[in-house]
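**Q** Structure provided below as structure tokens; questions to follow.
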Amino acid sequence: MDTHGPAASVASPRSRFVSCDWGTSNLRLRLVSAAGDVEREILSGDGTAKLATLEGNRAGVFRNTLLRHLAELSAPAALPVILSGMASSTIGWHELPYARVPFALDGSDAVHCKIEDRFCLISGLCTAVDILRGEETEAIGLAAWLGPRLPSAAVFVLPGTHSKHLDIRDGVIVDFKTYMTGELFDLLARQSVLRHSVNPDFEFEPGAFADGVRESLRPLLSSLFRVRTRQVLDRKTTASNTSFLSGVLVGTELNALTAQRQPIVIAVGKHLRLSYQTAANVLGLSDRVTLVSSELLSVMGQSVMLQRLVSA
């Protein structure tokens, strides 16, 4: 298993810009230098779900919120702002149609629009049966970072609340699937009968997690109840059961890759890195897996889009 990660700087955007990753729950702004360094960043709870419930003109609410946070970031007024994520959704600033697969990872197929000449919104991506927003920009950034190391065929795995598995062929996304791994963990841990056996705030236990991954080889609906019986019959601790539940879910997600043979690139944040690395090892995937930090992939993808816009 190879482990890599983009450094604190990204591929040079050739001019300063502001990176905006507008999610359902949070808004993250980064001031990016012409050399590709992140000079400053802020994280706000002003996600699209919150702003969509506020009274008044939707576009005005989003615009004013963004301007307020840009001032907080001390971003010069003339800098372009590249927005990805939920800003282009039905609960965002300005709804854009999805781009469709096949989707070139050089950004040429991205659906986007400019607002007031300064703000550029990047839309999401869809197949006939699945959708995503934000991950298309991460995938563009990941392909740019890999450069000549990008395999001719690969699977990009982008873990999260709704994990995405992107099938890559010759620099193009040809298909993808969504796995509700993170959301299902949260629902089970907080609202199901399993909530009496787990605590999402407890620390990660690698051994119990690995046991959960092995359990995931059995039918999921049966494996989930094993969390309860581990507590009642085996007297396992809450911390152990929490990691076990996580292992069952992450293992079920990655099980889908065991029948394939192409390289797997997992772009993951610090809090999930050990989980996915452990699951890959247990499932015998480690010889095909490269782990990459997901921290700056959105910024890198937005940098690619900025260069494309400037060239156009």
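The values are calculated or read from the model by the stated rules, or taken from the named source; none is laboratory data. In this text, all values refer to a predicted model and were calculated from it rather than measured experimentally. Here the Cβ is made from the backbone with ideal geometry for all residues, glycine too, and neighbour counts use every protein chain on show.
**Q** Which ones in region 231-268 are part of a loop (DSSP other than H, G, I, E, B), in contact (Cβ under 8 Å) with a residue 40 or more places away in the chain and either in contact with a Gly (Cβ under 8 Å, 6 or more places away or on another chain) or under 18 Å from Ser294 (Cα atoms) (or both)?
**A** Pro263 - this is the single residue of region 231-268 that is part of a loop (DSSP other than H, G, I, E, B), in contact (Cβ under 8 Å) with a residue 40 or more places away in the chain and either in contact with a Gly (Cβ under 8 Å, 6 or more places away or on another chain) or under 18 Å from Ser294 (Cα atoms) (or both).
**Q** Quick check on region 205-216. Is at least one of its residues in a loop (DSSP other than H, G, I, E, B), among the charged types (D, E, K, R) and under 23 Å from the mean Cα position of the chain (by Cα)?
**A** No, because not a single residue in region 205-216 is in a loop (DSSP other than H, G, I, E, B), among the charged types (D, E, K, R) and under 23 Å from the mean Cα position of the chain (by Cα).
**Q** Scan Thr258, Thr290, Thr229 and give me the residue that is touching an Asp or Glu at 6+ places or on another chain (Cβ under 6 Å) and either over 30 Å from Arg118 (Cβ atoms) or assigned by TED's automatic domain parsing to the domain that holds Glu41 (or both).
**A** Answer to the selection: Thr290.
**Q** Next question, about the same structure. When you scan region 143-176, how many residues do you find that are within 16 Å of the chain's Cα centre (by Cα), in a strand (DSSP E or B) and more than 19 Å from Ser275 (Cβ to Cβ)?
**A** So the answer is 4.
**Q** What is the one condition in (1) farther than 26 Å from Asp2 by Cβ; (2) not in a loop (DSSP other than H, G, I, E, B) that His271 does not satisfy?
**A** (1)
**Q** What are the pairs, 6+ residues apart or on separate chains, where a residue within region 115-126 that is touching a residue at least 60 places away in the same chain (Cβ under 8 Å) has its Cβ under 6 Å from a residue that is part of a strand (DSSP E or B)?
**A** What qualifies is Cys120/Ile82; Cys120/His112; Cys120/Lys114; Ile122/Ser84; Ile122/His112.
**Q** Can you find a residue in region 128-146 that is within 16 Å of Thr24 (Cβ to Cβ), touching a Phe, Trp or Tyr at 6+ places or on another chain (Cβ under 6 Å), at pLDDT 95 or above and among the basic types (Lys, Arg)?
**A** no
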